[in-house]
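Take a look at the structure set out below.
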Amino acid sequence: MAMLDLFAALALLLWGSRQLHRGLRDLAATWLDGALRHAQRGRHVAFAAGLAGGLLQPAAPDRVQWVAHRATALPLATAYAVLLGANLGAALALLPFALAPAWTFQALAIAGAAATLLTRRVRVRLAGRALFGAALVLLALQVLALSTQGAAGALLVAAIAAARPQGALP
């Protein structure tokens with residue numbers, strides 16, 4: 001049963017990650033282009049644009065592709081400021097997953113389902129998709145932690161038993 005829980009949690013994690021990624025990507029596509037156009041005003045504005053981009057697209061390949069594709073019009077110092085802000089934004093975007101209390105999954109799932117099902121506005125539906133994806137990721141992480149909890153203890157006992165010298169304990 002533990003293996004089934006493990007595979008189910010992995011499948012849920014992959015599906016939730018996909019929903020979260022697609023929702024954020026579709027939601028932020030046009031906004032990020034406008035933010036980079038304003039980044040040419042200076043390094044501080046470029047850092048803020050990168051920070052917002054990192055919060056909305058925490059995946060590193062997307063972030064690097066986003067900056068590299070549009071960096072041809074930016075000076076090098078400005079492009080570095082955008083990338084630095086994007087890296088910090090990505091770290092801040094992943095912080096709720098590390099510190100999430102148990103009730104966060106329920107709140108995100110309800111908010112995401114309500115935003116997706118109860119409105120016809122495209123932006124709100126995309127935000128709901130991203131929220132629901134985040135809820136699925138949190139649920140998958142909780143199930144993974146529960147399903148591997150007993151296995152980690154069993155592996156630790158087996159490693160200790162295999163490492164003890166012969167004849168030390170009966």
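What number of residues within the range 28-46 satisfy the criterion of being in contact with a helix residue (DSSP H, G or I) (Cβ under 7 Å, 6 or more places away or on another chain) and open to solvent by 40 Å² or more (accessible area, probe 1.4 Å)? So the count comes out to 4. Residue count for the range 111-130, restricted to those that are of a type in the set (Ser, Thr, Tyr) and at pLDDT 90 or above: 0. Out of curiosity, is GLY50 surrounded by 17 or more Cβ atoms within 10 Å (Cβ to Cβ) and assigned to a helix (DSSP H, G or I)? In short, yes. Being within 18 Å of GLY133 (Cα to Cα), exposed (fewer than 13 other Cβ atoms within 10 Å of the Cβ) and modelled with pLDDT of 80 or more is a property that does not hold for LEU95. Filtering ARG41, ARG18 for residues that are modelled with pLDDT of 75 or more and within 30 Å of LEU144 (Cβ to Cβ) leaves a single hit, ARG18. Counting the residues of the range 108-126 that are loosely packed, with under 14 Cβ neighbours inside 10 Å and part of a helix (DSSP H, G or I) gives 4.
The values are calculated or read from the model by the stated rules, or taken from the named source; none is laboratory data. Values in this document were obtained by computation on a predicted structure and should not be read as measured data. So basically every Cβ, Gly included, is an ideal-geometry build from the backbone, and we count neighbours across all protein chains shown. Surface areas here come from the heavy atoms of the whole protein model, side chains and all, with no ligands, DNA or RNA. Shrake-Rupley method; radii C 1.70, N 1.55, O 1.52, S 1.80 Å.
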